[in-house]
1. How do the pairs read when you match residues in the stretch 301-323 that are over 15 Å from ARG222 (Cβ atoms) with residues anywhere that are surrounded by fewer than 17 Cβ atoms within 10 Å (Cβ to Cβ) and of a type outside the set (D, E, K, R), using Cβ under 7 Å and keeping only pairs 6 or more apart or on different chains?
2. Mind checking whether some residue in the stretch 99-108 is on the phi > 0 side of the Ramachandran plot and not assigned by TED's automatic domain parsing to the domain that holds ASP278?
3. Select from the stretch 254-281 the residues that are touching a Lys or Arg at 6+ places or on another chain (Cβ under 9 Å), of a type in the set (Asp, Glu) and free of Cβ contacts under 8 Å to residues at least 24 places away in the same chain and list them in ascending order.
4. Here are ARG299, ARG337, ARG306: which of them is within 21 Å of HIS29 (Cα to Cα), surrounded by 17 or more Cβ atoms within 10 Å (Cβ to Cβ) and of a type outside the set (A, V, I, L, M)?
5. Those residues that are closer than 30 Å to ASP315 by Cα and among the aliphatic types (A, V, I, L, M), I need them from the stretch 59-115; list them, please.
6. Here's a check for you: in the stretch 136-149, which residue that is in contact (Cβ under 8 Å) with a residue 24 or more places away in the chain and of a type in the set (Ser, Thr, Tyr) is surrounded by the most Cβ atoms within 10 Å (Cβ to Cβ)?
7. Restricting attention to the stretch 114-130, and to residues there that are buried (at least 20 other Cβ atoms within 10 Å of the Cβ) and of a type in the set (S, T, N, Q), which single residue is farthest from GLY12 (Cα to Cα)?
8. If a residue counts only when it is within 28 Å of VAL54 (Cα to Cα), which strands (runs of 3 or more DSSP E) contained entirely in the stretch 259-332 have at least 1 such residues?
Amino acid sequence: METYDAVVVGAGQAGLSASYHLRRLGLSHVVLDADAAPGGAWQHRWDSLAMQDVHGVAALPGVDPPLGEDGGPPSGRANRVVPAYFADYERRFELPVVRPVAVDEVVSDDELLVTRAGDRTWRSRALVNATGTWTRPFVPSYPGMATFAGRQLHTADYRGPGEMAGRRVVVVGGGASAVQLLGEVAPVAAATLWVTRRPPVWRRDDFDAEAGRAAVAMVEDRVRRGLPPRSVVSVTGLALRDQERAAERLGAYERHPVFARLDRDGVVWDDGDRWDADVVLWATGFRPAVAHLAPLGLRSPAGGIRLDGTTAVADPRVQLVGYGPSASTIGANRAGRVAARAVAARVAAREPAAALTGTA
C-alpha cells in the first residue's frame with residue numbers, strides 16, 4: 001500500500017488550498033471528499049442565496065475569484081457559481097481528489113496515520129483535516145420540542161423563503177445567518193419572531209482590516225488554549241445590508257429573549273407569555289466535524305483541539321484547516337499554505353532534503 005506524505009480530508013476551500021500548496025511543494029497526497037461532486041458546503045446552501053448576498057468568496061490560490069462583468073460579484077445562485085469555480089480549480093491544477101469518500105476514522109500506526117473509510121484505507125505521514133462544520137448542524141435542546149406540531153428545521157435544511165410564505169416563524173440565533181434569514185423570510189411570512197440567548201451586538205462602524213485582524217486574533221487565542229472555537233463572524237458584530245432593510249421596516253430585528261419551552265402550538269416563556277408558531281428555524285450554528293479524529297485523542301480538557309498555528313499540539317502529524325480562525329474563505333487559504341509547509345517540514349526531517357521540490 002502506498003504511503004503518502006499527507007492525506008487531506010475535505011475538498012472545500014481549505015482542503016483545495018492545502019492540496020494546491022502540497023502539490024507545489026512536491027508532496028505526495030490524496031484529497032478525500034465525502035460529497036459526490038465538487039463545491040464543498042457551498043453546493044448545499046439554499047437556492048435563494050445569490051452571489052451578491054454572500055460575504056465574499058476569496059480567490060483560491062493561483063486564480064482569481066468568480067467575478068461578474070463589472071468586476072463585482074457574479075450573478076447567479078451561490079450553490080451553483082462557487083461549486084463550478086471549485087470544479088474548474090480541481091481540473092486546472094489536477095488536484096488528486098477522490099470522491100465520494102466518507103472517512104470513518106483516523107488511527108495511529110507507529111509513526112504513520114491510517115485513514116479508514118469503509119473497507120478502504122490510506123496510509124500517510126501526516127493528515128490535513130479540512131472537514132469544516134456544515135455536516136454538524138447544532139440544535140439546542142428545549143423542553144417540549146417533541147410535542148411541537150409545527151415544523152422545525154436548521155439553517156442547513158433551509159431552501160428558501162417560499163417555504164415560509166404565510167407562516168408564523170420563530171428564528172432562533174444571534175449570528176449573521178439569523179439576520180440574513182430574517183431578511184428573506186420576514187417579507188413573505190405572516191409574522192416573525194427573533195429570539196436570542198444574548199442581546200445582539202450591532203456593528204456601528206466599518207469593518208476594516210484592523211478589526212478583522214482583531215477578530216481573528218480572538219479566535220486564535222481560543223484554539224491556542226484548547227477551547228472550543230468560535231467563528232470569526234461571532235466576534236465581528238452584526239450589520240444590516242440593503243437587502244435586509246425591508247425586514248427591518250417590518251420590525252423583524254426586534255430581539256426577544258429565548259423562550260423556556262415549546263408546546264404543541266408554539267413557544268412559551270417562564271412568565272406564561274406565549275407566541276403561536278408554525279415554524280421554528282434554528283439558526284444556531286454548527287460544530288466542527290472532527291469525530292473521525294477521536295482515536296487520536298486530540299481534544300484538550302477544555303473541550304477543543306489545541307493548535308499551534310494549524311498543528312495539533314497533541315499530535316503534530318495532524319494539521320487542522322477550516323477550524324477556528326481559518327473557518328472563513330480568506331483564513332482557509334492562509335491555513336492551507338501554513339499546513340502544507342508544516343507537512344513539508346515534517347517530511348524533510350525524516351527524508352533527504354533533495355526529495356522536496358517546489359515552493360509555496
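1. ALA314/GLY297
2. Looking for residues that are on the phi > 0 side of the Ramachandran plot and not assigned by TED's automatic domain parsing to the domain that holds ASP278, one finds none in the stretch 99-108, hence no.
3. ASP270
4. Details: ARG299 fails: within 21 Å of HIS29 (Cα to Cα); ARG306 fails: within 21 Å of HIS29 (Cα to Cα).
Matching residue, one of ARG299, ARG337, ARG306: ARG337.
5. LEU60, LEU95, VAL97, VAL98, VAL101, ALA102, VAL103, VAL106, VAL107, LEU112, LEU113, VAL114
6. Residues of the stretch 136-149 that are in contact (Cβ under 8 Å) with a residue 24 or more places away in the chain, as a first pass: 136-140, 142-145, 147-149.
Those left that are additionally of a type in the set (Ser, Thr, Tyr): 142, 147.
Working: TYR142: 16, THR147: 11.
Taking the candidates together, the pick is TYR142.
7. SER124
8. 279-282, 318-320
The values are calculated or read from the model by the stated rules, or taken from the named source; none is laboratory data. Note that the structure is a prediction, hence the values are computed from the model and not measured. Neighbour counts are summed over all protein chains in view; Cβ atoms, including those assigned to glycine, are modelled from backbone coordinates with ideal geometry.
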